[in-house]
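Have a look at the structure below before the remarks.
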């Protein structure tokens, strides 16, 4: 069991707490002991980080310790990273020529995001996408291999509009007949149907006139 308790796992990193000396400054010698104990206890771990949050600066001996373990871990395909949002520490790394050699994270969330995107292809193989097939689509339906239901074709376009207008005319005709009105679409009565009615009416009037004169 590893006796070292001053670290926690953040993604692929073992994040060490920054060791402090009695005056509250970063203790580079204790840092070396902690990292060495961590590496020896976990030889498969290649990514180590140190939590510098809350510190405004570190001395040059800390930079030397950082680059020492960065070289050791990078030889195994890993790295030493820093967790810090201090501008003073960033400027110190720049002046020491270590800005391009040490990875600096401003937040733990950045460490997690880096961890998700840093897995090697051997650890997370990506398989080629399979082309969809008819059988694969059918298997998603309830009942497994049941044949897909036949779709009812609906008429669209001019045919659908014509059907709708025709139904409207039929309904309108029924309403007119119920109200005692003639259908405006019916043809007017022809002359040969009206003539006999006129003759009968004239005969009736002639008979009435003869009856009155007698």
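Cβ crowding within 10 Å, taken as a proxy for footprinting-reagent exposure, orders 202, 213 from fewest neighbours to most as 213, 202. Of the beta bridges in the stretch 7-117, as assigned by DSSP with both residues counted there, near 30 percent are antiparallel. This ranking places 15, 102 by how few other beta-carbon atoms lie within 10 Å of each, fewest first, which gives 102, 15. Taking a ≥ b ≥ c as the square roots of the eigenvalues of the alpha carbon gyration tensor, the stretch 7-117 is rounded, as a/c is under 1.5. Approximating the spin labels as points 7 Å out from Cα along Cα→Cβ, the residue 210-to-residue 112 distance works out to 11.7 nm. Relative contact order, whole percent, for the stretch 7-117 stands at 27, derived from Cα pairs under 8 Å and 6 or more residues apart.
Bear in mind that the values in this text are calculations on the coordinates, not laboratory data. Everything quoted here is computed from the prediction, not taken from an experiment. Methodologically, a virtual Cβ is constructed for each residue, glycine included, from the backbone with ideal geometry; neighbour enumeration extends over all protein chains shown.
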